[in-house]
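The values are calculated or read from the model by the stated rules, or taken from the named source; none is laboratory data. Since the model is a prediction, treat every value here as computed from it, not as a measurement. In this analysis, Cβ positions are derived from the backbone assuming ideal geometry, glycine residues included, and neighbour counts consider all displayed protein chains. Quick note on the areas: whole protein, heavy atoms, side chains included, nothing else; ligands and nucleic acids left out. Shrake-Rupley method; radii C 1.70, N 1.55, O 1.52, S 1.80 Å.
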Amino acid sequence: MIIFRYLSRELLTTTFAVSAVLLVIIMSGRFIRYMAQAAQGIIDPSVLFLIMGYRLPGFLELILPLGLFLGVLLAYGRVYLDSEMTVLAATGMSRHRLMRYTLGPAALIAVLVGFLSLYLAPKGVSAVDNVLRSQQALTEFDTLEAGRFQGMRNGSRITYTEALSEDRTELSGVFMSDVVRSSAGKDKNLSLLVADTGRQEVLSDGSRYLVLENGYRYDGTPGMADYRRTQFDTYGVLLPKPEIAAEVTEREALPTRELWGAKDHRLNAELQWRLSLPVLAFVVALLAVPLARVNPRQGRFAKLLPAIFLYMTYLGTLIAMRGALDKAQLPAWAGLWCVHIAYFVLGLVMLNFTPARLWLKRRAVAKGAQA
């Protein structure tokens, strides 16, 4: 029991440390993407952390199995490197017993991943979808910030205001530029609007306009000296809604209970994917235990690169099979389970494989004992 607690503590500590590092890396990349959308006025900056919080379970359900895999490699690799495993082996510690000890922490990670994939992640995806839908109802006026150039329509429209009232109803010092392509798609016409003040006006059909007052409009083609200037007292500009690309599909937001017994092949693929992630944690633990065995002269990271390649092959095969299921190119009964079975068998082979040199040494020792 003491050895079990010691190995479990080493394994779980390393697993959560690796998972935390991977989580920071992945969330940083996604946060930068959301920040770019906020800078363009596509989403409100105030919802950035809310979206990241809702996306956290979806990140963890994929990070934790990888963290467990790397945790086994690093934790047990250190034990082998410090010759602790040699001492344990002298007291009767075999690879099969080590595997049994590993199943305890692996079961804990698998239960956590199952809770994330079957319950929390779908709820998080649904919440993110609701937030993004609410952002789609915003207009350029709603996301405008004073003193900042804001791009809309893939950068074809730039809006700027010097000051904005607290209730976001009045603007002052307004500048707008629109790039309009000709029907041939080659020439670009530039339209500039400069006004002293502006306000938002909502029509009966729900469309919104930015009404500018006391300003000028400049129209022309960049590089040509044919600009026209028009002075106006009142000018209305239609406010487009932010164009937010959908990040999730509708079935990813469905609760797991609604996927059971579904006849649609896409819903079946989603259900199998959610069930596969906890199984993935068990199988990668089985694969990692024999891979963690290193020679002290080889170093702690000798098998790390081929092990990561094996994991990526495993996960990539699962993703490919999920895509095939999603397109009804595979029968539902085979699904993702054939991949898990194949790598489970591979793990058993690796766990029970004895190198020829070690086998000959054991045989010689056995003969000497008989003599």
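Count the net charge of all other residues whose Cβ sits under 15 Å from the Cβ of SER276, scoring Lys and Arg as +1 and Asp and Glu as -1.
Numbers: positive: ARG274, ARG322; negative: GLU61, GLU252, GLU270, ASP326.
It works out to a net charge of -2.
Just to make sure I understand: if all protein chains stay in place, what is the order of ILE63, ILE25 by accessible area at 1.4 Å, largest first? Write out the running numbers ahead of the final one.
Numbers: ILE63 5, ILE25 110 Å².
From most accessible down to least: ILE25, ILE63.
Under a crude label model (7 Å from the Cα following the beta-carbon direction), how far is VAL111 from VAL24 in nanometres?
Each label point lies 7 Å from its Cα, and together they span 2.9 nm.
Starting from the Cα of LYS188, draw a straight line to each of the aspartates and glutamates and keep only those under 16 Å, dropping any in the same chain fewer than 8 residues away.
Filter leaves ASP178, ASP219, ASP226.
With just the Cα atoms defining each centre, how far is region 272-340 from region 65-120? Give it in Å.
Measuring centre to centre over Cα atoms gives 16 Å.
Just to be sure I understand the model, the point goes 7 Å from the Cα along the line to the Cβ. What's the resulting GLU162 to ASN352 distance in nm?
The answer from the label model is 8.2 nm.
Show me the ranking of peptides 329-336, 308-315, 97-104 by mean Cβ neighbours inside 10 Å, starting with the highest. Walk me through the numbers before you get to the answer.
Numbers: 329-336: 14.1, 308-315: 15.6, 97-104: 17.1.
Most protected by this proxy first, the peptides run 97-104, 308-315, 329-336.
Give me the accessible area per residue for region 303-354, probe 1.4 Å, as a whole number in Å².
Details: 2970 Å² over 52 residues.
That works out to 57 Å² per residue.
At what distance in nm do the modelled label points of TYR119 and ALA262 sit from each other, each positioned 7 Å from its Cα along Cα→Cβ?
2.0 nm
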